[in-house]
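Note sheet for the following structure.
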Amino acid sequence: MSGIAVLGSANMDLVVRQERRVEPGETIFGSSFHAGPGGKGLNQAVAAARAGATVAFIGAVGADDFGVRLRSWLSAEGIDVGRVRIVDEPTGIAQITVTDDGENAIVVVAGANARSVLDDADRETIAAASHLVVQLERPESLLLEALAHARAHGVTTVVTPAPAHEGLDDILRLADVLVPNEGEAMLLSGEADAESAAVALSRLAGTVVLTRGRHGAIVARDGAVVTTVAAVATDVVDTTGAGDTFTGVLVAGLAAGDALDRALEAAAAAAAIAVSRRGAAEAMPTADEIAARLAGRSDATTSTPTD
Ligand code: ATP
């Protein structure tokens, strides 16, 4: 395969909307419930596939109904699920509570995502790809092994350091492209502003693309800022998954041979479309929608949410 291998998490997101938080021991009625695909790995795989890339997903789900639904959902997106292993743990879930005051409370149970084995078929999939994309929702030992294997085979590595914590330098050094958001970059670098953080991280990783929400992104390399990317103005409905859309579409562009500037423009356009709709993976745009936004035809991006 010359395409993208995504090694990451796949979760079933269980979203309950309710008026207020629950007190210990209390039962209340919620106003709605939605179960949909989630996990940063799955999200980035979907973003890249919808943008036109050939994508193989290396992941793990349980032998349960959620696992069946996630696999078939990925397949329906045209993603190769041959390396999505069914393991003896429940499928990962994220229990997301949204209260009427707009606050989120999230509990993630990693379940099958905690599996840390990289087998020969996974290694072959990585070595055959042009790009390996990882996030930090799988065990770090697995990520280090996969990134080192990719590097040894000339595969470009792309890392989203989320959820971030200190002590990740070994992983950062194996990133050809590092895509942190502002908070992650400041935590990882110890710097107090975005530009200094991007510059500091680019001394460890290759190209750093630091995303800053509606303020766009800063790109740094070899200890200096090389360019900035403006966010694309839009009516914001739900920013969940903005970063995953940006990263998936950026890698799709790079894998197609686009120059970095062009791939970044497409990523910003795609993320703007995603934040104008409700949901994460379900809100991600197709290649046609991204092209239309880049051409300034905003009428092509007014489709309604799927839930
Ligand atoms: P999330 O955790 O919500 O997925 P993130 O924190 O990883 O997001 P952000 O830096 O918030 O990532 O956003 C990534 C990119 O998405 C930005 O660089 C920008 O291009 C786009 N984006 C995010 N928010 C907006 C917005 N309000 N308007 C337009 N574009 C946005």
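The values are calculated or read from the model by the stated rules, or taken from the named source; none is laboratory data. Because the structure is predicted, anything quoted here is derived from the model rather than measured. Cβ atoms come from the backbone with ideal geometry, glycine included; neighbour counts cover every protein chain shown.
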Condition first: crowded, with 24+ Cβ neighbours inside 10 Å and in contact with a Pro (Cβ under 9 Å, 6 or more places away or on another chain). Now tell me which residues in the range 114-136 satisfy that.
Gln135
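Results for (1) modelled with pLDDT of 95 or more; (2) surrounded by 24 or more Cβ atoms within 10 Å (Cβ to Cβ); (3) under 30 Å from Asp80 (Cα atoms), shown as yes or no for each residue.
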position: Arg20; (1), (2), (3): yes, no, no
position: Gly25; (1), (2), (3): yes, no, no
position: Phe33; (1), (2), (3): yes, no, yes
position: Lys40; (1), (2), (3): yes, yes, yes
position: Arg50; (1), (2), (3): yes, yes, yes
position: Thr54; (1), (2), (3): yes, no, yes
position: Phe57; (1), (2), (3): yes, yes, yes
Considering the range 178-218 alone, what residues qualify as being assigned to a strand (DSSP E or B) and on the phi > 0 side of the Ramachandran plot?
none
Looking at the range 243-255, can you tell me whether even one residue there is in a loop (DSSP other than H, G, I, E, B) and at pLDDT 95 or above?
no
Whichever residue in the range 268-280 is within 11 Å of the ligand (Cβ to nearest atom) and touching a strand residue (DSSP E or B) at 6+ places or on another chain (Cβ under 9 Å) and, among such residues, is nearest to Val229 (Cα to Cα):
Ala268
The one condition Ala231 fails out of (1) surrounded by fewer than 16 Cβ atoms within 10 Å (Cβ to Cβ); (2) near the ligand (Cβ under 10 Å from one of its atoms); (3) part of a loop (DSSP other than H, G, I, E, B) is (1)
